[in-house]
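Working notes, structure below.
The values are calculated or read from the model by the stated rules, or taken from the named source; none is laboratory data. Just so we're clear, the structure is a prediction, and the values are computed from it rather than from any experiment. Ideal geometry is used to build each Cβ from the backbone, glycine not excepted, and the neighbour counts take in all protein chains shown.
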């Protein structure tokens, strides 16, 4: 389960445990928080890569935050029934998250793989390599959004 | 700067760089996201410790996420003027964040220290030790909130 973003089986399976005690609106808020914080970190890596003023330490911190959130198991926050509801804002999670689990699992694993790779590459400090890997990571975000997140 | 949560000097100093390109409302949203995601992870560590069903792997993931966010440099999101404004919700950052920098710096460093320690202790897998360290971490959260965050 280690590298899966959406351990749905786990989420369902541990009813009575940690996840079950999270209220649906909080689960939505928490996952929106995770994505929101990753968005900041992806944005500042992009700025570092494109801005002509690369700060290796800042990129490492940002990549580490993305990696830790990606590996945190936030898929457990997709509680059954939370395709509707308001966290910070109304969720845009599509209901096929709960029905297309194999497809979702592949998307989640791809995302985690690229996030782990980004953290590794950030340690080297080569801006071009980081930029290329950030594009790969962004591709996995977009792929998942296209399939599983409603447009605004 | 590595262990500082609020590198205010840096935030001010790199105007024109990465931070300056973040809009105030986004900066507020991003920092609320960081704290929101840490809240989830602190909550589930607490549940693991108190629930009689300790899951070492889950606690490690949660502690790693808290650590990476704490060390991400999110103090840079306290842009001048963002003691007012709405991210996900209206900010409750008090204006003394921008005037009591020495006190703030100490609070931030204490928080980071305890977050790093929690991630280290989580690796061992002793529930009682994790619980004690979670309390220490929570104490630094509360201390900072008491001084620098307006009540609801």
ask   = Within segment B:85-110, which residues are away from every other protein chain (no Cβ under 14 Å), under 22 Å from residue B:29 (Cβ atoms) and surrounded by fewer than 13 Cβ atoms within 10 Å (Cβ to Cβ)?
value = B:95
remark   = Counting only residues that are at the interface with chain A (Cβ under 9 Å from one of its Cβ atoms) and either surrounded by fewer than 24 Cβ atoms within 10 Å (Cβ to Cβ) or free of Cβ contacts under 8 Å to residues at least 12 places away in the same chain (or both), segment B:48-60 contains a total of 5
note = Scanning segment A:24-63 residue by residue, the ones that are closer than 19 Å to residue B:73 by Cα and modelled with pLDDT of 95 or more total 27
key: Failed criterion for residue B:135 (all others in (1) surrounded by 14 or more Cβ atoms within 10 Å (Cβ to Cβ); (2) in a helix (DSSP H, G or I) hold)   = (1)
key: Lone qualifier among A:66, A:121, A:97 - being within 21 Å of residue B:75 (Cβ to Cβ), part of a helix (DSSP H, G or I) and out of contact with any strand residue (DSSP E or B) (no Cβ under 7 Å at 6 or more places or on another chain)   = A:66
ask   = So which of B:45, B:28 is within 18 Å of residue A:65 (Cα to Cα) and surrounded by 20 or more Cβ atoms within 10 Å (Cβ to Cβ)?
value = B:28
ask   = Considering only residues of segment A:111-127 that are free of Cβ contacts under 8 Å to residues at least 60 places away in the same chain and surrounded by fewer than 16 Cβ atoms within 10 Å (Cβ to Cβ), which is farthest from residue A:67 (Cα to Cα)?
value = A:126
ask   = For segment A:68-79, what are the residues that are at the interface with another protein chain (Cβ under 7 Å from one of its Cβ atoms) and closer than 14 Å to residue B:34 by Cα?
value = A:68, A:69, A:72
remark   = Of the candidates B:113, B:86, the one satisfying the condition of being within 23 Å of residue B:36 (Cβ to Cβ) and more than 18 Å from the chain's Cα centre (by Cα) is B:86
query = Residue check, residue A:82 against (1) in a loop (DSSP other than H, G, I, E, B); (2) surrounded by 19 or more Cβ atoms within 10 Å (Cβ to Cβ); (3) within 8 Å of chain B (Cβ to nearest Cβ), all met but one. Which one?
reply = (3)
